[in-house]
Amino acid sequence: MLTVIGLLSTAFGVSVASALLPLISVELFAIGLVLKSPEIPWWLLALVIATGQIGGKLLHYYAARGSIRLPRMFRRKTEPERKDSRWRQWLEKFRTNCHERPVWTGAVLLISAAASLPPFAAIAVIAGWAKVPLTTFLVTGFVGRFIRFGALAIAPGVVVGWL
């Protein structure tokens, strides 16, 4: 029992780290963990990894929203923007679309969280920047991540059973 708790704690830590640093692959870790310790229930592993991933992506979300002040080396050098710039108009139109079309916004978040197309790290930043409601981001992101890592945790057993 303690071994399972330790492995799940490690999975949580790796999932948070991989959410913050894209060089760390929680997918490879999860597959290795499932192959080494098949006694861990797939749904529990998916739950732990999805929770860690959303926790890490929340930092991206809040940083893009402007709620977290990033260290100076990560901040963009700001130049005075013109209010009528084309980029500024596009940004405002995008934000308006996100708020006027919540089903579309939720669908994009869900698909990105489950399939990583477009990459969920980028979508987390865009969602924060577009001020997508936190509950929409959390629910769709968590469900998508749970589906992704649930399928990943089940996959080795399915392949072995199929062979």
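The values are calculated or read from the model by the stated rules, or taken from the named source; none is laboratory data. Here the structure is a predicted model, which is why all the values come from computation and not from measurement. So basically every Cβ, Gly included, is an ideal-geometry build from the backbone, and we count neighbours across all protein chains shown. Ligands, DNA and RNA are stripped out before the accessible areas are found, and what is left, the full protein with its side chains, is counted by its heavy atoms. Shrake-Rupley method; radii C 1.70, N 1.55, O 1.52, S 1.80 Å.
Numbers for the structure displayed
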read-out: Scan of segment 31-67 for residues that are more than 30 Å from residue 129 (Cα to Cα) and in contact (Cβ under 8 Å) with a residue 24 or more places away in the chain, ordered by number; value: 31, 33, 34, 35, 37, 38, 39, 40, 42, 43, 44, 45
read-out: Some residue of segment 127-140 being outside any loop (DSSP other than H, G, I, E, B), more than 30 Å from residue 89 (Cβ to Cβ) and either in contact with an Asp or Glu (Cβ under 7 Å, 6 or more places away or on another chain) or modelled with pLDDT of 90 or more (or both); value: yes
read-out: Answer from 114, 151 - the residue that is modelled with pLDDT of 90 or more, surrounded by fewer than 19 Cβ atoms within 10 Å (Cβ to Cβ) and not hydroxyl-bearing (Ser, Thr, Tyr); value: 151
read-out: Where a residue in segment 126-153 is more than 16 Å from residue 111 (Cβ to Cβ) and its partner, wherever it lies, is outside any helix (DSSP H, G or I) and not β-branched (Val, Ile, Thr), with Cβ under 9 Å and at least six apart; value: 128/66; 128/67; 129/66; 153/41
read-out: Residue match in segment 15-28 (condition: open to solvent by less than 50 Å² (accessible area, probe 1.4 Å) and in contact with a Lys or Arg (Cβ under 6 Å, 6 or more places away or on another chain)); value: yes
read-out: Residue list for segment 117-148, restricted to those being open to solvent by less than 30 Å² (accessible area, probe 1.4 Å) and closer than 18 Å to residue 47 by Cα; value: 120, 137, 140, 141, 144, 145
read-out: Of all residues in segment 9-58 being in a loop (DSSP other than H, G, I, E, B) and not hydroxyl-bearing (Ser, Thr, Tyr), the one that is farthest from residue 114 (Cα to Cα); value: 39
read-out: Some residue of segment 41-61 being of a type in the set (S, T, N, Q) and either at pLDDT 90 or above or open to solvent by less than 60 Å² (accessible area, probe 1.4 Å) (or both); value: yes
read-out: Any pair with Cβ under 9 angstrom, 6 or more apart, that starts in segment 100-114 at a residue that is in contact (Cβ under 8 Å) with a residue 24 or more places away in the chain and ends at one that is outside any helix (DSSP H, G or I) and of a type in the set (A, V, I, L, M); value: 102/132; 105/130; 105/132; 106/132; 109/132; 111/117
read-out: Test: residue in segment 89-103 that is farther than 23 Å from residue 141 by Cα, open to solvent by less than 100 Å² (accessible area, probe 1.4 Å) and either in contact with a strand residue (DSSP E or B) (Cβ under 6 Å, 6 or more places away or on another chain) or modelled with pLDDT under 80 (or both); value: no
